[in-house]
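Encoded as structure tokens, the structure appears first; notes follow it.
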Amino acid sequence: MKKIKLLGMKLQDRYARESLILADRFLKQRAVNIILYLTTSVLLEAAENEEEKAWIEAADATLWGDTQILKVAEITARGRANEVEEKEFLKSFLRRMARTHKSILVLSDTEEQAQNLKEELIRMQNGITVVGTMAIQDTEDSKEDLINEINMIAPSVIMVRMPFSMQQRWLMQSRQYMNAGLWIGMPEDFNCIQKKEMPMEKMGRRILNVIFSRKVNKYKK
């Protein structure tokens, strides 16, 4: 594990194997430990939001969602770029979940998005036990109902893909009441399955990478 600082945030870099050991430990604790996938867009947003920045720093573990972060952070350890590109942690984690028959609950901000994430996870690893999909709504009544549903299922892992601002809000109010072992949070721009980029998407990613690099360099000065 290596400590790094990016855009004013104190973060940690771990090999996939180290993160898997942590995840196994979290699953045994049943205390809703939080693992977050970070992308360049998430870090740029957090740099302008002190509350979100603090929430990311307080996560039990973080993972890189794209290799541009490694490049800008000057993380050159052998094999790290390939691990991130190939989503090695997620693949290995899902293999373990399938082998041990542990349950996965999938959440998003809409039922359609939750279904999409479920399908991607199953494509990554056949044989995983997905016990349900749910849509998070930002109202008090729906929050209580959803927590009750989660606790009835008592999943080993909750896998989530939606805006971090929404995950942050929801967890701050609900984490202590949930019966689950682990929350793996992905931002809305994170794809479990590599998709072919359209020309405009490639251009957008390149522009984002340039903005990210300049922002990080500005913080270094």
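The values are calculated or read from the model by the stated rules, or taken from the named source; none is laboratory data. Computed from a predicted model, the values in this text were never measured in an experiment. Here the Cβ positions follow ideal geometry from the backbone for every residue, glycine too, while neighbour counts run over all protein chains shown. For the accessible areas, the whole protein counts, side chains as well, though only heavy atoms, and no ligand, DNA or RNA atoms are used. Shrake-Rupley method; radii C 1.70, N 1.55, O 1.52, S 1.80 Å.
Points to keep in mind about this one:
- Along the range 110-121 the Karplus relation, 6.51 cos²θ - 1.76 cosθ + 1.60 evaluated at θ = phi - 60°, assigns HN-Hα couplings of 9, 5, 4, 5, 5, 5, 4, 5, 4, 5, 5, 5 Hz to successive residues, with x for each Gly and Pro.
- In the context of the full set of protein chains, residues of the range 18-133 present 46 Å² of accessible surface per residue (probe radius 1.4 Å, heavy atoms only).
- Pairwise Cα distances in the chain exceed 26 Å in 34 percent of cases.
- For SER165, the accessible area of its heavy atoms, probed at 1.4 Å with every protein chain present, is near 40 square angstrom.
- Span per principal axis, largest first, for the Cα atoms of the range 1-72 (Å): 35, 26, 18
- Restraint check, LYS2/LYS218; LYS71/LYS91; LYS10/LYS91, Cα-Cα greater than 24 Å: LYS10/LYS91
- Selected from THR133, ASN116, MET200, residue furthest toward positive end of dipole (the range 83-221; charges at beta carbon): MET200
- Cα-based convex hull, the range 56-156, per residue volume (Å³, whole number): 139
- Dimensions of the range 141-221 from C-alpha coordinates, computed as largest minus smallest value along each principal axis and given longest first, are 45, 35, 23 Å.
- Solvent-accessible area, 1.4 Å probe, carbon plus sulfur percent, for the range 31-132: 42
- Ordering ARG214, ARG169, ARG96, ARG161 by accessible surface, largest first, gives ARG214, ARG169, ARG96, ARG161; the 1.4 Å probe counts only protein heavy atoms, with every chain in place.
- The range 32-111 - Kirkwood radius from inverse mean 1/r over Cα pairs (Å): 14.6
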